[in-house]
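No lab work stands behind these numbers, since they all come straight from the coordinates. This one's a predicted model, so the numbers in the text were calculated from it and none came from an experiment. Counting neighbours? That spans all protein chains shown, and the Cβs are built from the backbone with ideal geometry, glycine included.
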Amino acid sequence: MTTNDLSRAIGPRSARKALGDIVRVGTYAALILWTLGQVLPLAFLFINAFKTDAQIVLYPLSLPDSPHFENFTRMLFEGSIYQPMAPYLVNSFIVTGLTLAFLTTVSAMAAFGLSRYSFPGRELIYRLVLLTLAVPVHAALIPVFVLMGTLGLRNNLIGIALLYSAFWLPLTVVVLRAYFSSFPSEVIDAARVDGASEFRMFRQIVIPMSRGAISSMAIVNFVGIWSELLFAFIILNKSTSQTITVGLLGYTSQYATDHALVFAAMAAATLPTLLFYLVFQRQITRGMTMGAIR
Amino acid sequence: MTDSLNPQISRRKFLYATGATAAAGLIAACAPAASSVAPSGGAPSAAPASSPPPPSPSTPPSAVKLTFDSNTGPNAERYKPAVDLWNASQANSFVTLNLPSPDDNAYKANFPQIAASSDKPDLAWYWVGGGGRHASMAKNGLLEPLDDLYASEGWDKAYPQQTLDLYRSPDGHYYAVPDTFVFHTPIYYDKALFAKHGIEAPAMPTPWHKTVEEFYAMCDKIRAAGLDTLSIGGKDAWPLAIMKDDLTQRLVPSEVQVDYVAAAVAGGVPKYKFSDPRFIAGQQAFVDYGKKKVFADGTLGRAFADAQAYFATGKAAMLSDGSWAAGSGSLPKLAPNMDIGWFMHPQLDPTIAPKILTYAGNALMVMADGKNTEAAKEFLKFLVSKEQQDMVASLGVLIPARTDVDVEAFKKGNTPLMVDMFSALNTVGTFGPWGDYGPAEPVQLDYTHSQKLLDGSITPAASAAELDAACDKIRAGE
Amino acid sequence: MTAKGLEPTRVRGGRWSPRTLTRSVVASARRSMVPYLFMAPALALMAVFVLYPLFRSIQLSLYSWDGLGEPVFIGVRNFQRLAVDPQFSLTLRHTIAFTVGAALGTVVIGLVLAVAIASRVRGWRVFKITWFIPVMVSMTVTGVLWSQLLASGDTPINSILGLFGVSDPPDWLGNADTTLPVIILVTIWQFSGFPMIIFLAAMENIPRELEESAVIEGASLWQRTRSLTIPLIKPVIAIVVLLQIIFSLKVFDIVWAMTQGGPGDSSLVLGVYLYRQGFMFERFGYASAIAVVMAALIIVFTLGYLRFVRPASYEY
């Protein structure tokens, strides 16, 4: 049915409007479908985490008969064929927390230095930072393994936090540099006139005013650090130091016949990032945008 | 860039975000980390572990501290009580069990690096063959020779000759000792389902179809009854490859097989080529299985665990799996009401008797240049002693490798299915397949090819050519 | 912009005692050191953990090493072998196909979603939140979750497709022809929200008046988007495309979690191939050569892209 046919039937303006309505409704339906598509698989994940293994296999799409919280307690605290996940969760929190602490401090300082001062080598250093963004992690994998061994930092949560900080630096520095470039000069000048040292000025004036940008970057980096796999599974080789992403692998291995535990483990690995997001989602959108628009 | 940031709200949120994470982290870091010194889970039996863990013995100050690495899964299950027993009974030796990788693939790939680093344990469980890097570790001097123990403990008599041959490294020394073994690949079936549809399964003393046509006919009957045929974990590739080795055994005379296996230990590659027509016939038999719809629908996308579930829920009438599936924690647990029977893949050549293929590469090794090699060896002696191995037998999950295991103990702890299969080992005879012992790269290639053979993207001849090329690279020392 | 105060501090009355002179010299020395002090920790971290390993990797690519013994120098043999390795060219093809599919898919869909939100359709606030959620899920969890959803046989996705009349769906992750497209689709599912958010912020910077005058002139949403919005945010689109391409070329986690490169190498990408050669086949030299080629590809492409596309930077 073309616009012409429709026009002839009900008049041109109505025709255009009708076609426009169909397109609008169609598009909106597509958007709804996309939303469902985005949300339902995650709903599937969380619902199945409460079913028993048999229920998951036989009735994957139905609701559980009753919420089987024991999936979570078993997954978190029992040994048996799988490792208990609770220590892994704790390690993930530690590593992510430490990394964010190092990362935000160091990158804020570096970004500030790069944006507010001119010194020989500034452009070069900036280009270098930008270029390391382009480098694949895998390129450094094997030497990093050897290096961490030499430094005695394998299985050391502080060690891996330092490693992560180094790799997440480029993106954070680039974004914060853009942010600091737009920072109002008057504030900085005023602080300098008062005789404060550069560092004190940075710490007491600039940082507090930049909390929004810094926390946005922290949130953006959170999920990447939390779910980092390659380095974690090569460098953390004692079960006492492993993170939950590594632990999750064990649930997908050949001994994993209990689907309920797999789903419970995935739910436990995902919940912190989702909660983080839902609470701070406005900050994230701010964090994402600052880097691209520069 | 104008921005309507509200510093007040941002500050609170900022404090929340980084502060909470870091604080939680610091508090948790100060708390004693849940370590593997006191193993969780209680009794070693198959019953769900709900009893509190045994009180961990306090380390006597003069005790030698040993670390023992293992993979997860049934091994970890079996070692935890063994470690406890040792620690409780020893005044001057204390062992900590460590599980470096939650996933077998990760453990296989990463453990050798650990063995070469300052993090190395005193002893460890690891594979001999099986795509692992035992040969490399031995070649690079990372493993302690155990010849003296083989002699003094009588290990040179406690294991089948074939196993001993496999464990002997090219330089004539033993760098590992067998712990448990598995065999493959029986075909499990649901007896009740078969009876209901009037299908007969071959039984002892020759639990196999005499010709492959009989087997195909049985599969047709199963399909006619509305069931799916042979469930197998095609997505993980290795189940297909090791099943393919069964078919190869049926077509390749034993001296060729022996060469394959022995060469795997000696130089890593066999004298015979994969392009030997008899070997190609084995590959072709595998392709024919696919063409005759022996494999269940959707095999290439079905992971190992899902294949078991597919059988356990009665959708497929048969499951191709290893001896581990008959362990009490596996199939019998997944399908508690099923009366599970077993038989073997059909005979393909009237002159070659089917054998049960065993993989005896579940091994224990002591790391070289450690501080406590003598103490580690003592612990090792304990682990593979007859008493310990009898205990393993009674656990009903793994099969001890020693030939002098107490059969009654075995019967007591294992399901009737497992006992049945175990007793067949001696009457039917066993063999070690190449795919289990060859070097990593050709074996991995073989795994990939087993998938490609089924979906038609490679022919047996082309596959053989590639395998030969991979072996040539190793012969050339690359 | 240099810091004020590089001049020596003056004492009231203009007299210079030795003490103030020293203090001011030290102060100005300290001041010129300041930017370096700010940069120091970051540079140190990067030098140790990123640059040094990168350098070692390049070095290792010239050796043959089994990871356990001593590396043996072999010059450019690894690169020569790479050039004739059929699996490597297969891997490259897969990686490029993945990159094109994933980058294009996420950017185009992200754009559509951003336009939808920016035009304030009903429920846009809910959309804005939900469309970004999958980005926050780890790639490993996504891989495992979708493997479950797509497993062969009687599974959720196939059941839903059955409702739509698709009765004999292929074995999504078991059929060599469908694995890579499926992985691309899952990646698009997960990451479309990322470009969406960036485009959205850029769109919100478009002055209201332009939008309003276009509406007054009777332009439809499609016309407005095509002639007004897109040209105005072109630099942002260019940058986002670049970022997506770089991330796609480096992909590992999701492929490993879903298929490990199989079945039959049908979804083998560079990251997985590198891992396999190094950690499974003990060819760390060869794996390093692959890594060097990967890094070189990405860097050369990035530099070329930046020069050619010239995304304008809005420096303030």
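Which ordering of B:Met344, C:Met136 is given by a fewest-first count of other beta-carbon atoms within 10 Å?
Placing the least packed residue first, the sequence is B:Met344, C:Met136.
In terms of Cα to Cα distance under 15 Å, which aspartates and glutamates are near enough to B:Lys108, apart from those fewer than 8 places away along the same chain?
Result set, ordered by chain and number: B:Asp69, B:Asp436, B:Glu441, C:Asp66, C:Glu282.
Toward the positive end of the charge dipole of the stretch C:86-309, about the Cα centre and with charges on Cβ (Lys, Arg +1; Asp, Glu -1), which of C:Gly218, C:Ser267, C:Gly278 goes farthest?
C:Gly218
Taking the alpha-carbon centroid of each part, what is the distance from the stretch B:125-180 to the stretch C:136-183 in angstrom?
That distance is 44 Å.
Residue by residue, what Karplus-based ³J(HN,Hα) values in Hz, rounded to whole numbers, does the stretch C:127-139 have, using 6.51, -1.76 and 1.60 with θ = phi - 60° and x for Gly and Pro?
For the stretch C:127-139, the Karplus-derived couplings read 4, 4, 6, 5, 6, 9, 4, x, 4, 7, 8, 5, 5 Hz, x marking Gly and Pro.
I'd like the GluC sites (Glu not before Pro) in the stretch C:209-316 restricted to DSSP loop residues with at most 14 other Cβ atoms within 10 Å, sorted by number.
Passing both the DSSP loop test and the Cβ count: C:Glu217, C:Glu315.
Read phi for every residue in the stretch C:91-96 and hand back ³J(HN,Hα) as whole Hz from Karplus 6.51 cos²θ - 1.76 cosθ + 1.60, θ = phi - 60°, with x for Gly and Pro.
So the J values, rounded to whole Hz, are 4, 4, 4, 4, 5, 5.
Given H placed 1.01 Å from N in the peptide plane, which residues other than close sequence neighbours of B:Tyr359 have an amide H under 5 Å from its amide H?
Answer set, sorted by chain and number: B:Val182, B:Phe183, B:His184.
For the stretch A:64-147, what is the largest minus smallest coordinate of the Cα atoms on each principal axis, given in angstrom and ordered from greatest to least?
66, 30, 24
Pull up the DSSP beta bridges for the protein assembly as shown and report the antiparallel fraction as a percent, rounded to 5.
Working: 24 of 39 bridges.
Approximately 60 percent, going by the DSSP bridge assignments.
Quick one: dipole size for the protein assembly as shown, taken about the Cα centre, charges +1 on Lys/Arg Cβ and -1 on Asp/Glu Cβ, in debye to the nearest 20. Please report the intermediate quantities before stating the final value.
Values: 85 positive and 81 negative charges, 1133 e Å.
With Lys and Arg at +1 and Asp and Glu at -1, about 5440 debye.
For B:Glu213 paired with B:Lys271, estimate the spin-label separation in nm (one decimal), with each label point 7 Å from Cα along the Cα-to-Cβ line.
If labels sit at B:Glu213 and B:Lys271, their model points lie 3.7 nm apart.
How high is the FRET efficiency between C:Tyr36 and C:Phe308 when r is their beta carbon distance and R₀ equals 41 Å, given to the nearest 0.05?
0.75
Calculated FRET efficiency, C:Val121 and A:Ser185, Cβ-Cβ r, R0 60 Å, to nearest 0.05?
It comes out at approximately 0.90.
Amide H neighbours of B:Ile399 under 5 Å, at least 5 residues apart or on other chains, H built in the peptide plane: list them.
It is B:Phe181, by chain and number.
Return the whole-Å distance between the Cα centroid of the stretch A:181-246 and the Cα centroid of the stretch A:21-96.
31
Could you give me the ³J(HN,Hα) list for the stretch A:226-236, computed from phi with Karplus coefficients 6.51, -1.76, 1.60 and θ = phi - 60°, whole Hz, x at Gly and Pro?
4, 9, 5, 10, 3, 5, 4, 7, 9, 8, 9
Place a +1 charge on the Cβ of each Lys and Arg in the stretch C:86-309 and a -1 charge on the Cβ of each Asp and Glu, then give the dipole magnitude about the Cα centre in debye, rounded to the nearest 20.
About 540 debye.
For the stretch A:74-292, rounded, prolate or oblate, judged on the Cα gyration tensor with a ≥ b ≥ c (square roots of eigenvalues), a/c < 1.5 rounded, else prolate if a/b > b/c? Spell out each step's value before the answer.
Details: a/c = 2.59, a/b = 1.91, b/c = 1.35.
Prolate.
Which aspartates and glutamates have a Cα lying under 12 Å from the Cα of B:Lys221, excluding residues fewer than 8 positions away in the same chain?
B:Glu200
Just want the answer: with Cβ charges of +1 for Lys and Arg and -1 for Asp and Glu, which residue in C:Ser288, C:Pro231, C:Thr155 is farthest toward the dipole's positive end in chain C?
C:Pro231
Under 1.5 on a/c is rounded, so check that first for chain C, then, if it is not, pick prolate when a/b is larger than b/c and oblate when it is not; a ≥ b ≥ c are the square roots of the alpha carbon gyration tensor eigenvalues.
The shape class here is oblate.
Where does the charge balance sit around B:Leu331 when Lys and Arg score +1, Asp and Glu -1, over other residues with C-beta under 11 Å from its C-beta?
-1
Could you tell me the calculated FRET efficiency between B:Thr313 and B:Val407, based on Cβ-Cβ distance and R0 = 25 angstrom, to the nearest 0.05?
0.15
Which of the three applies to the stretch A:3-70, rounded, prolate or oblate, going by the alpha-carbon gyration tensor with a ≥ b ≥ c and a/c under 1.5 meaning rounded?
Since a/c reaches 1.5 and a/b is larger than b/c, the shape of the stretch A:3-70 is classed as prolate.
Just how large is the dipole of the stretch A:74-292 about the Cα centre, in debye to the nearest 20, putting +1 at every Lys and Arg Cβ and -1 at every Asp and Glu Cβ?
Working: 13 positive and 8 negative charges, 47 e Å.
Computed about the Cα centre, the dipole is about 220 debye.
I need the Kirkwood Rh of the protein assembly as shown: take the reciprocal of the average 1/r across all distinct C-alpha pairs and report it in angstrom.
So the Kirkwood estimate lands at 31.7 Å.
How far is it, in nm, from the label point at B:Ala465 to the one at A:Thr150 when both lie 7 Å from their Cα along the line to the Cβ?
4.5
Put +1 on the Cβ of every Lys and Arg and -1 on every Asp and Glu Cβ in the protein assembly as shown; which of B:Pro332, A:Ile235, C:Leu249 then has its Cα farthest towards the positive end of the dipole?
It is C:Leu249.
Any idea what the relative contact order of chain A is, in percent, if you count C-alpha pairs under 8 Å spaced at least 6 apart?
Contact order relative to length: 28 percent.
On a C-alpha basis, how far is the centre of the stretch C:279-308 from the centre of the stretch B:339-366 in Å? Whole number, if you could?
That distance is 44 Å.
As a quick test, which of the pairs B:Lys210/B:Lys411; B:Lys196/B:Lys315; A:Lys238/B:Lys386; B:Lys244/B:Lys355; A:Lys51/B:Lys315; B:Lys210/B:Lys291 have an alpha carbon distance above 25 angstrom in this structure? All intermediate terms of the calculation are to be shown ahead of the outcome.
Values: B:Lys210/B:Lys411 30 Å; B:Lys196/B:Lys315 14 Å; A:Lys238/B:Lys386 30 Å; B:Lys244/B:Lys355 13 Å; A:Lys51/B:Lys315 21 Å; B:Lys210/B:Lys291 20 Å.
The answer is B:Lys210/B:Lys411; A:Lys238/B:Lys386.
Can you tell me which aspartates and glutamates have their Cα less than 15 Å from the Cα of B:Lys452? Leave out same-chain residues fewer than eight positions away.
Straight-distance partners of B:Lys452: B:Asp236, B:Asp288, B:Glu466, C:Asp171, C:Asp177, C:Asp265.
Scan chain C and report its longest stretch carrying no trypsin sites (Lys or Arg not before Pro) that are both in a DSSP loop and have at most 16 other Cβ atoms within 10 Å.
It works out to C:123-316.
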